[in-house]
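The values are calculated or read from the model by the stated rules, or taken from the named source; none is laboratory data. Keep in mind it's a predicted model, so treat the numbers as computed, not measured. Counting neighbours? That spans all protein chains shown, and the Cβs are built from the backbone with ideal geometry, glycine included. For the accessible areas, the whole protein counts, side chains as well, though only heavy atoms, and no ligand, DNA or RNA atoms are used. Shrake-Rupley method; radii C 1.70, N 1.55, O 1.52, S 1.80 Å.
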Amino acid sequence: MLAQLSLEWMGGATERRLRAARPDFDDLPWDRFDPGRMTDADCIEARTVWTNGVFTEYASAAAFSAMNLAFMQCGAPVDLCAAAADFAVDELVHVSLVSRLVMTLGGATPYVADLERVAPRLSDLPARMRAAELAIKVSCVGEALSLPALTASHRGATEPLARAVLDRLRHDEGPHASIGHWFLAWAAPWLTPGDREYLGKVARDAIAVYAPLWLDPDAAVRPVLDHDGETTYRAYMEHAVEHRIIRRLAKIGIDARP
Ligand SMILES: [Fe+2]
Ligand SMILES: [Fe+2]
C-alpha cells in the first residue's frame, strides 16, 4: 500500500548493538552545517534529493536482505551469506545517516512509497538461478553504478556536511559491488552457457532501468570531473557501465553489452 514514508528509531539495546557493530558510524561534522550558506531554493532541492536518498538506501537494505535469503536457499557458502546480511546492515546505517542529514537540512519533503514492494521482485526460477539473478541485479549492476553516481555527486557537493555523508556512503560501496562477482565465482562450475546467456539479459535489463539517469538531456551537458578532467555526466556514467559492469561480467562469460 502506498503511504507517506516515515521511519522510526528505537534506541536503547538495538542502538547499542548497532554502535558496537559499526563504531563511530555517525561521527560526522553534524554541527558544521550552516543553513545560511544555502538559498531557500537550494535547501528545498537538497531536502528533496536526500529524502529520495533515504528511500534508495532503504531499498538497498531490503535488496541485500533478499540476497542473503536467496543465497541461503541455494546453499551458498556461509561466509558469503554472512557478507550479504552484513551489507544489509551497512545500508541500514546509510538510511540512518541520510535521514539525519535530511533532518539537519530542515526535514523530509513528501515521499510516498509502498514498503511491501521494497524488495526486488523474484522470478520463479530454481533457487541457484534466483540467487544469481539477484547477484547481478543488485550488486553487479545496481551497486556497481552507485559508487560512480555517489562520486559524481560528491564532486558536485559543496556543503561540507553533505560531502562528509557522501564520503561515508562511498566507503562501503566497493565490497557491495563485488559480492555479486563473489557469488558468480562460486557458481561458475554449474552455470551452463544457457544460464550465462539468461544472466546477460538480466544485466542488460537492469542497466536499462538505470539508463534514464544518464540519458536525460540535462545529463548530456551537466559537467562532472573525472580522472582525466571535465566530462559530462552521461559520458562519465557510460564509462562506468562499460568498465564496472560490461567488462567485468564479460570476464566470466556473461555478455551484458546492449
Ligand atoms: Fe548505500
Ligand atoms: Fe551499497
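For S60, the conditions (1) part of a loop (DSSP other than H, G, I, E, B); (2) closer than 22 Å to V141 by Cα are fulfilled apart from (1).
Of the residues A144, A240, the single one that is among the aliphatic types (A, V, I, L, M) and farther than 30 Å from D24 by Cα is A240. Going by what's in this entry, would E238 be described as open to solvent by 70 Å² or more (accessible area, probe 1.4 Å) and over 22 Å from the mean Cα position of the chain (by Cα)? No, not satisfied. Applying the set (1) more than 16 Å from ligand 1 (Cβ to nearest atom); (2) in a helix (DSSP H, G or I) to T158 leaves exactly one unmet item: (2). Inspect segment 104-125 for any residue being assigned to a helix (DSSP H, G or I), among the hydrophobic types (A, V, I, L, M, F, W, C), surrounded by 22 or more Cβ atoms within 10 Å (Cβ to Cβ) and more than 20 Å from the chain's Cα centre (by Cα) and give the result as yes or no. Checking segment 104-125: at least one residue is assigned to a helix (DSSP H, G or I), among the hydrophobic types (A, V, I, L, M, F, W, C), surrounded by 22 or more Cβ atoms within 10 Å (Cβ to Cβ) and more than 20 Å from the chain's Cα centre (by Cα). Residues that are within 21 Å of the chain's Cα centre (by Cα), closer than 13 Å to S99 by Cβ and assigned to a helix (DSSP H, G or I) within segment 1-55 comprise R47, W50, T51, N52, G53, V54, F55, listed in sequence order. Just so you know, in segment 126-151 the residues that are open to solvent by 10 Å² or more (accessible area, probe 1.4 Å) and of a type in the set (S, T, N, Q) include one that is farthest from L215 (Cα to Cα), and it is T151.
In segment 61-83, the residues that are without any contact (Cβ under 8 Å) to a residue 40 or more places away in the chain form Cβ pairs under 7 Å with partners that are of a type in the set (G, A, S), at six or more places apart or across chains, as follows: A61/A88; N68/A84; N68/A85; N68/A88. Screening Y233 against (1) open to solvent by less than 50 Å² (accessible area, probe 1.4 Å); (2) within 16 Å of ligand 1 (Cβ to nearest atom) leaves a single unmet condition, (2).
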